[in-house]
Amino acid sequence: MVLLCQALSACGNIYDIDTLLSGSKAASADSRYTLCTSQDDITSLLLQTMYENKDSCTFNVPDKSYVDADAWLNSLAGLNKIHCEYITYSGFCQVTAQIEYWDNYPIIYAYRSNDISALNEQQTAMYDRYCDILSSTVSSSNPDVINELTVHDYIVNNVRYVLDRNSDSPAYDALFNGSASCSGYTEVFQTLMDMAGIRCIPVTGQAGGDSHIWNMVCLDGQWYHVDTTWDDPVGGDGTIRHNYFNITDDDILLDHTIESWHPAAAGTDLAYYNVLGYTLFSSQSELNHYLASQVKSHAASCNFMTRGFTPDIRAGVKCGKKTVSYRVLATERTGYSTYTVTFEY
């Protein structure tokens, strides 16, 4: 008897590119005789299928209790859809899984193996574009966080957010049309991080009253959230923002909810305000002196943090004793607030 199961997902969480490439290669995804005796075996076989740019695989399991499409979706980042058919025989069950997934998998496998022969025409074009972006943003002489920052800024500066859930390839749209949904932002960032050798995973949840996907990166053993989509708001003024660059669980949960598994993110050493050198103020008088100095020196903009008080930006700017207009981007965080002030003289 043939039985069916199907599941949909935005991303998973446990296995990624390094899982396969750092270990032994899974059995061929073509083999109808591969016996998988654990969920890890099944996940590894699905992973190999994705890296080989194939849309299905067939394998055997001891019984139908091993067939769990939802578990497989939750184990593989970038696996979007899985449709299974299985036949029960005496002593085993044969499963055929048809899958849809990000282009990230075969592209990264091609990059790591230096072999693009398995890529289709669209993936080859994406591969070439990724390589061009990588060469202009990433340097082996830079710390990982600086490479991450330049990739983040490239995406925010070159992609415009659009809500398009019907796109077959949001990442392609981001790379060649300059517009994408959050899935496109996330997959492009994920792929460039993978190519740069920076540990990265996608995370799914809710934000702004809608389903959403973003990334997490691991730097110096600490995990951080990175949301390139929310650093590129609809109707923005073109300024590259960093309010969602390397933030903690506590901070992302102020306006996001997380639905997929994710590692704990509590580190702050490489949070955006430290990487970009935000000055911390705990009193209005300190802030007044700082803002006055920025105005007097005709600074184009400045970034700072406050803790323990609500700042009066106008009062501080007036201390500069110059005619100046300004705009303020304020972000409330857990126990502190960050500000970007842009001046026009």
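Readers should treat all values here as calculations from the given coordinates under stated rules, not as data from a laboratory. Values in this document were obtained by computation on a predicted structure and should not be read as measured data. Ideal geometry is used to build each Cβ from the backbone, glycine not excepted, and the neighbour counts take in all protein chains shown.
What is the distance, in nm, between label points placed 7 Å from the Cα along the Cα-to-Cβ direction at residue 128 and at residue 220?
Label-label distance for residue 128 and residue 220, simple model: 4.0 nm.
Under unit Cβ charges (Lys, Arg +1; Asp, Glu -1), what dipole magnitude, rounded to 20 debye, does segment 278-344 have relative to its Cα centre? Spell out each step's value before the answer.
Numbers: 8 positive and 4 negative charges, 35 e Å.
About 160 debye.
State, as an integer percentage, the relative contact order of segment 278-344 based on alpha-carbon contacts under 8 Å between residues 6 or more apart.
Values: 113 pairs, mean separation 25.3, N = 67.
Normalised by residue count, the contact order of segment 278-344 is 38 percent.
So what's Rg/Rh here for the chain, counting alpha carbon atoms and using the Kirkwood radius for Rh? Each step should come with its number before you reach the end.
On the way: Rg = 23.4 Å, Rh = 22.0 Å.
A ratio of 1.06.
What's the local net charge at residue 230, with K and R +1, D and E -1, over the other residues with C-beta under 11 Å away?
Numbers: positive: 241; negative: 227, 231, 232, 255.
So the environment of residue 230 carries a net charge of -3.
Taking the number of other C-beta atoms within 10 Å as the exposure measure, put 286, 121 in order starting with the fewest. Intermediate values should be presented prior to the final figure.
Working: 286 16, 121 7.
Placing the least packed residue first, the sequence is 121, 286.
So for each of 218-229, 295-306 I average, over its residues, the number of other beta carbons within 10 Å; can you give me the resulting order with the highest mean first? Please list the in-between numbers first.
On the way: 218-229: 20.7, 295-306: 15.8.
The densest-packed peptide leads the list: 218-229, 295-306.
Given Cα pairs under 8 Å that are at least 6 residues apart, what percent is the relative contact order of the chain? List each step's numbers first, then the result.
Numbers: 652 pairs, mean separation 39.2, N = 345.
Relative contact order of the chain: 11 percent.
Please report how many Lys pairs in the chain have alpha carbons closer than 16 angstrom, counting only residues at least 8 apart along the chain or sitting on separate chains. Provide the component values of the computation, followed by the final result.
Working: 25/54; 54/81; 296/318; 296/321; 296/322.
Total qualifying Lys-Lys pairs in the chain comes to 5.
Among 248, 51, 76, whose Cα sits farthest toward the positive end of the charge dipole of the chain (+1 at Cβ of Lys/Arg, -1 at Cβ of Asp/Glu, about the Cα centre)?
248
For the chain, with only Lys/Arg (+1) and Asp/Glu (-1) charged at the beta-carbon, what is the dipole magnitude about the Cα centre, in debye rounded to 20? Please report the intermediate quantities before stating the final value.
Numbers: 19 positive and 41 negative charges, 237 e Å.
With only Lys, Arg, Asp and Glu charged at Cβ, the dipole is about 1140 debye.
For helix 144-158, report the angle its Cα long axis makes with the longest principal axis of the Cα atoms of the chain; keep it between 0 and 90° and round to the nearest 10°.
The answer is roughly 90 degrees.
Over segment 41-176, what is the relative contact order in percent, taking alpha-carbon pairs closer than 8 angstrom and at least six residues apart? Mind showing how you got there, number by number?
Working: 132 pairs, mean separation 26.0, N = 136.
Once divided by the residue count of segment 41-176, the mean separation gives 19 percent.
For helix 104-113, what angle does its Cα long axis make with the longest principal axis of the chain, in degrees from 0 to 90 and rounded to 10?
80
Apply the Karplus curve 6.51 cos²θ - 1.76 cosθ + 1.60, θ = phi - 60°, to the phi angles in segment 327-335 and return the couplings in whole Hz, x for Gly and Pro.
Coupling constants for segment 327-335: 10, 10, 10, 10, 10, 7, 10, 7, x Hz.
Rounded to the nearest 10 degrees, what's the angle between the helix 284-296 long axis and the longest principal axis of the chain, both from Cα atoms, 0 to 90?
On a 0 to 90 degree scale, this one is about 90.
In nm, what is the difference between 0.36 nm times the number of residues separating residue 280 and residue 136 and their Cα-Cα distance? Before the final figure, lay out each step's value.
Details: separation 144, 0.36 × 144 = 51.84 nm, distance 3.25 nm.
Value of the extension gain: 48.6 nm.
Charges only on Cβ, +1 for Lys and Arg, -1 for Asp and Glu: so what's the dipole of segment 109-216 about the Cα centre, in debye to the nearest 20? Could you put the intermediate results ahead of the total?
Working: 5 positive and 13 negative charges, 31 e Å.
That gives a dipole near 140 debye.
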